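Some notes on the structure that comes next.
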Amino acid sequence: MKRAREKNNVRALGWVAFFGGFGQDMIQPILPVFYSSVLGLSKETIGLIEGSLTTIVSVFKILSGFLSDKLKKRKSIVFIGYLLSAVSRFLFGFVFLGWQAFALRFIDGIGKGTKDAPRDVLVAQSAQEGKMGFSFGYQRMLDTFGSVVGPLATAGLLYLLAKNAMQYRIIFYIGGLISAVTLLLIAFFVKEKPQADSKERNKYDFGLLKGRFLFFLIIMLVFTLGNSSDSYLILRAQGVGVSAITIPIVYALFNLLYGLLATPAGILSDKIGRVRVMQAGWLIYALCYIGFAVAHHPWQIWLIYIFYGMYYATTEGVSKALVARVVPENQRGTAYGLFNASLGLMSLPANFIAGFLWDRVAPSATFYFGAVCAFAAFILISFSKLDKPQISS
């Protein structure tokens, strides 16, 4: 009975991720056009709105993770996060001024940051013995499928509403309603594992910042320093002759492969260990980046993107499963908050370095640097003992 309940919880959380990604990626592709064409905002204002989002999300990832550990109320915090995002996306259909857009993106950022850490804890709590990798892989699979379906739905709606002056606003309404499906799933299908309210469990140990979790976080930051925005991959694809019309198809194929392989990669990590699977993922990443550096023909980009999907599948969910292994259960919220926020904040220097190398040295230098960081992370994790059994609470 308990095993069936845990299995159903993993499924429910996976579909929560699907509809969350669906609603978010319906709206994301049209926001820049809506800002400039409909609201008439300057590029500086657009940069301010979207640039501040990363900081907001990162701050609230840490706060919500810590709060969920203290209150032991993961489900309620996840619900609030998805509620804020769904409402802000729906209300975007009523935006006519720049400050309104900023306010709603601010609220959406709070929602996105609030839900991540406690949701990861719920996944970890619901994972059956020996299936932690599968559980996170399943969630990443459905999340990614949502990110495939969302833009395709938007493309279809833009075609159908081509002569409608309200086309963007209608898409915001629909995206907000689809995002609201997550609230029904959380309310009726997601269950929270009861936790004993003992003194030991409530005691917060700052040793979390000294042990294996800190070492793993440092390794991830080394890798992330060379993991610049995928926008550079798109620019590279254009540079070697991939047409603007073809690029979205290549990107959709990448996401599809990522989604299909995420669960098998998680299952593999349960069998042979998380570290080995992540090492394989980082080697694939390094080879892909070297491939982007030396590519000269469009067909090479298609091939590289296939392998790039394998990199995502073998690292995204597996890394979160590894976090669950190296920290006590009563501190997982804080750990996931720090983990997610740190990687998000590292994207700023990573993208600065990538842009600097692209402009001042050569486009290939950006990818060689990413490959070097991946190899460095591979070597560091080889000396770790992160696949030891989970620390008891």
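Since every read-out is calculated from the coordinates, none of them should be taken as a lab result. Since we're looking at a predicted model, the values are computed, not measured. We place every Cβ from the backbone using ideal geometry, glycine too, and count neighbours over all the protein chains shown.
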note = A chain fully extended from Ser229 to Ile249 at 0.36 nm per residue, minus the present Cα-Cα distance, gains in nm 5.4 nm
ask   = Using θ = phi - 60° and the Karplus curve 6.51 cos²θ - 1.76 cosθ + 1.60, what whole-Hz ³J(HN,Hα) does each residue of region 344-355 get, with Gly and Pro shown as x?
value = x, 5, 5, 5, 5, x, 4, 6, 5, 4, 4, x
inquiry  = At a threshold of 8 angstrom on Cα-Cα distance, excluding pairs fewer than six apart, so keeping six or more, what relative contact order does region 208-382 reach in percent?
reply    = 42
remark   = Asserting the computed 222 nm helical MRE of the chain (DSSP H runs at least 4 long, -39500 (n - 2.57) per run, divided by residue count, to nearest 500) equals -27000 deg cm²/dmol
inquiry  = Using a 7 Å offset from Cα along Cα-Cβ at Ile267, what residues in region 110-149 end up with backbone N under 19 Å from the label point?
reply    = 127-145
task = Tell me the trypsin sites (Lys or Arg not before Pro) within region 300-393 that lie in a loop according to DSSP and have at most 12 other beta-carbon atoms within 10 Å.
result = Lys385
request  = Just check region 1-129 against the gyration tensor rule for me: Cα atoms, a ≥ b ≥ c as the square roots of the eigenvalues, rounded for a/c under 1.5, and otherwise prolate or oblate depending on whether a/b exceeds b/c.
outcome  = prolate
ask   = In whole angstrom, how far apart do the alpha carbon centroids of region 341-376 and region 279-330 sit?
value = 15
ask   = Leu287 to Gln128: extension gain in nm, 0.36 nm per residue of separation minus the Cα-Cα distance?
value = 53.8 nm
query = Say a paramagnetic label sat at a point 7 Å from the Cα of Val240, along Cα to Cβ; which residues of region 279-317 have their backbone N under 12 Å from it?
reply = 288-308
message = With bins 5 Å wide starting at 0, give me the P(r) of region 208-382 over every alpha carbon pair, in whole percents.
response = 1, 9, 16, 19, 21, 16, 9, 5, 2, 1, 0
key: Label point distance in nm, Leu152-Asn164, each placed 7 Å from Cα along Cα→Cβ   = 2.1
ask   = Going down the table (Lys112/Lys385; Lys70/Lys320; Lys7/Lys70; Lys72/Lys131), which pairs top 28 Å between alpha carbons?
value = Lys112/Lys385
remark   = Placing each pseudo-label 7 Å from Cα in the direction of the beta carbon, Ile379 and His297 end up separated by a distance in nanometres of 3.4
